[in-house]
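Below you'll find the structure, written out as structure tokens, and then a few comments.
The values are calculated or read from the model by the stated rules, or taken from the named source; none is laboratory data. The structure presented is a predicted model; accordingly, all values stated were derived computationally and were not measured. No Cβ is skipped: glycine too gets one built from the backbone with ideal geometry, and neighbour counts run over all protein chains shown. Note: accessible area is taken over every heavy atom of the protein model, side chains too, but ligands, DNA and RNA are not part of it. Shrake-Rupley method; radii C 1.70, N 1.55, O 1.52, S 1.80 Å.
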Amino acid sequence: MAGNQLGVLNALDVAKTQWYHFTAIIIAGMGFFTDAYDLFSISLVTKLLGRIYYHVEGAEKPGNLPPNVAAAVNGVAFCGTLAGQLFFGWLGDKLGRKRVYGLTLMLMVICSIASGLSFGHSAKGVMATLCFFRFWLGFGIGGDYPLSATIMSEYANKRTRGAFIAAVFAMQGFGILTGGIVALIVSTAFDHAYHAPSYETNPVASTVPEADYVWRIILMFGSVPAAMTYYWRMKMPETARYTALVAKNAKQAASDMSKVLQVDLLAEENRVEHESSKSFGLFTKKFARRHGLHLLGTSVCWFLLDIGYYSSNLFQKDIFTSIGWIPPAKTMNAIHEVYLVARAQTLIALCGTVPGYWFTVALIDYIGRFAIQLMGFFFMTVFMFALAIPYHHWKNKSNRIGFLVMYSLTFFFANFGPNATTFVVPAEIFPARLRSTCHGISAAAGKAGAIVGAFGFLYAAQSTNPTETDAGYPPGIGVKKSLMVLGGVNFLGVLFTLLVPEAKGKSLEEISGENEDEDVVHDQQQASSVRTVPQ
């Protein structure tokens, strides 16, 4: 394959692991650290927002966000992320990865800070401005998905490319963990500084005025890691694959990568002109024939994964409350409730989420993307049904530890499974001129699934008994049936994984067919659709 490949691209494929690989992982990974922190930190403070802004005088339970407000606060960032993934994915192929990379980061920094500075004192004013800034925060986060994945895949060598892209995504785990730790520190500090009685003792005094600073500090902290990496993002050169294969400037590609690899590389202008004759667009029969099923597979798998993954992550607090691991809200003051929710989510992240990501990093280039994704969906299905079918057994106080172990294992196999591979694979299997766009489409399908999970689970998980639902919510199907639905969704993921090809150990040009004649590529990809697991 090297014989058909531009010299600069072959040099990247066979390069030994060097310092610039780790620099790229950190620069791209800190964006994902911020993404995860910002997207998941909202679940730590929604109960507090309900207590502060929706307190009802004389009510038996503390204030709760009304259904429409809760849906908006939880889901609006996902809507922004979906739009950002499509827009910046397309822009990354049109203008170049580097030119729009800094823009997404600045949007994340500004909107993280603005989220905590939501204007006004009325519930309507605060929630409206919080949702406005979280939409644009999500828009910036959305751009980070296709750009970070594409940049890392185009910088990496083919031997360890999967691990490098997965390592960027694994920073999400640290972002979720840090969100919990920041919430623990802030809530502990405020709880000690401003002693407050429980809600059932004194409803009004249980939420001290200073509690309004708690959620703002937690949300604003997300701007810190993003701001720290802005300078280094701007210093990264454009990827050689974009410069050579899309911008058609082999001389600049060779010059940029000579500095990165610290070797002399020869520009191959004639080869670039020859490659340009093979171009085809996204909405063409040639693309549909070569990559149509691949795009369907990556998009549907990401969609199905995120229905379960985000609904479980965002509503951990409701599941923990339903099994009694977090006491009833009325037995606590507002800030202590933040502490207990953060403690529960931090333990789940520490025991299941973070280890799962790094298992993927360690093994993806040995056992392959296909095997990890298939295994992950399978075990997520098993553990969801294992939680759902004997659900009333898990609600007994003596069985709560068992529930938490099983629940942690679903997150472990999500991250040592499709949550990582759905991010990695779209950055590898499409042509350079469409790589960022196709990754953006796949990721946007995932966020559509997250929106279904965030909005749907909010209503579905409500009790079937009208007297036990949260204020303003109609009866749902209950947590047990909701978990069974999620188990079914995960099983569909097993089936659609069969459409996704294996990319382990191949160059990007070999996988996408950019080096080969059309007939050869078509024959190879027909064989790939029959056998996706490498021998």
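The lone criterion from (1) open to solvent by 20 Å² or more (accessible area, probe 1.4 Å); (2) of a type outside the set (Asp, Glu); (3) touching a Phe, Trp or Tyr at 6+ places or on another chain (Cβ under 9 Å); (4) within 30 Å of Leu103 (Cα to Cα) left unmet by Ser41 is number (1). Checking each residue in the stretch 187-204 for being touching a residue at least 40 places away in the same chain (Cβ under 8 Å) and aliphatic (A, V, I, L, M) picks out Ala196, Val204.
Quick one: count up the residues across the stretch 191-232 that are β-branched (Val, Ile, Thr) and more than 24 Å from Gly175 (Cβ to Cβ).
Number of matching residues: 4.
If we scan the stretch 48-69, do we find a residue that is within 19 Å of the chain's Cα centre (by Cα) and modelled with pLDDT of 90 or more?
For the stretch 48-69, residues within 19 Å of the chain's Cα centre (by Cα) and modelled with pLDDT of 90 or more: absent.
Looking across the stretch 427-449, the residues that are within 14 Å of the chain's Cα centre (by Cα) and open to solvent by less than 20 Å² (accessible area, probe 1.4 Å) come down to His439, Gly440, Ser442, Ala443, Ala444, Gly446, Lys447, Gly449. Go through the stretch 452-486 and report how many residues are within 30 Å of Phe88 (Cβ to Cβ) and crowded, with 23+ Cβ neighbours inside 10 Å. Residues that pass the stated criteria total 4. Residue pairs whose Cβ atoms lie under 7 Å apart, sitting 6 or more positions apart in sequence or on different chains, and linking a residue in the stretch 62-79 that is farther than 20 Å from Gly449 by Cα to a partner that is open to solvent by 20 Å² or more (accessible area, probe 1.4 Å) and basic (Lys, Arg), are Pro62/Lys330.
If the condition is being closer than 21 Å to Ser408 by Cα and open to solvent by 10 Å² or more (accessible area, probe 1.4 Å), then the stretch 149-181 contributes Met171, Phe174, Ile176, Leu177, Thr178, Ile181.
Looking only at residues in the stretch 232-287 that are of a type in the set (Lys, Arg) and modelled with pLDDT under 75, the one that is most open to solvent (accessible area, probe 1.4 Å) is Lys259. It is to be established whether one or more residues within the stretch 371-384 are surrounded by 24 or more Cβ atoms within 10 Å (Cβ to Cβ), modelled with pLDDT under 90 and of a type outside the set (Asp, Glu). The answer is yes, given that some residue of the stretch 371-384 is surrounded by 24 or more Cβ atoms within 10 Å (Cβ to Cβ), modelled with pLDDT under 90 and of a type outside the set (Asp, Glu). For Thr360, the test of being β-branched (Val, Ile, Thr), open to solvent by less than 10 Å² (accessible area, probe 1.4 Å) and either in contact with a helix residue (DSSP H, G or I) (Cβ under 6 Å, 6 or more places away or on another chain) or closer than 25 Å to Phe457 by Cβ (or both) is passed. Residues in the stretch 46-61 that are of a type in the set (Val, Ile, Thr), in a helix (DSSP H, G or I) and more than 29 Å from Ala448 (Cβ to Cβ): Ile52 alone. Would you confirm whether any residue within the stretch 1-20 is modelled with pLDDT of 85 or more, crowded, with 22+ Cβ neighbours inside 10 Å and in a helix (DSSP H, G or I)? The answer is no; no qualifying residue exists. Within the stretch 500-512, the set of residues being open to solvent by 50 Å² or more (accessible area, probe 1.4 Å) and within 25 Å of the chain's Cα centre (by Cα) comprises Lys504 only.
Does Asn419 satisfy the criteria of being among the polar types (S, T, N, Q) and either more than 21 Å from the chain's Cα centre (by Cα) or modelled with pLDDT of 95 or more (or both)? No; evaluated as a whole, the condition is false for this residue.
Among all residues of the stretch 470-492, there is none that is modelled with pLDDT under 75 and among the polar types (S, T, N, Q). In the stretch 27-41, the residues that are under 15 Å from Tyr357 (Cα atoms) form Cβ pairs under 8 Å with partners that are open to solvent by 10 Å² or more (accessible area, probe 1.4 Å) and aromatic (Phe, Trp, Tyr), at six or more places apart or across chains, as follows: Phe33/Phe174; Ala36/Phe174. Would you check if Thr46 is open to solvent by less than 40 Å² (accessible area, probe 1.4 Å), touching a Pro at 6+ places or on another chain (Cβ under 9 Å) and either within 30 Å of Ala156 (Cα to Cα) or in contact (Cβ under 8 Å) with a residue 24 or more places away in the chain (or both)? Against the criterion (open to solvent by less than 40 Å² (accessible area, probe 1.4 Å), touching a Pro at 6+ places or on another chain (Cβ under 9 Å) and either within 30 Å of Ala156 (Cα to Cα) or in contact (Cβ under 8 Å) with a residue 24 or more places away in the chain (or both)), Thr46 does not qualify. The set of residues in the stretch 336-370 that are among the hydrophobic types (A, V, I, L, M, F, W, C) and more than 17 Å from Phe320 (Cα to Cα) comprises Val354, Trp358, Phe359, Val361, Ala362, Leu363, Ile364, Ile367, Phe370.
Of all residues in the stretch 196-231, count the ones that are in a helix (DSSP H, G or I) and open to solvent by less than 30 Å² (accessible area, probe 1.4 Å). So the count comes out to 9.
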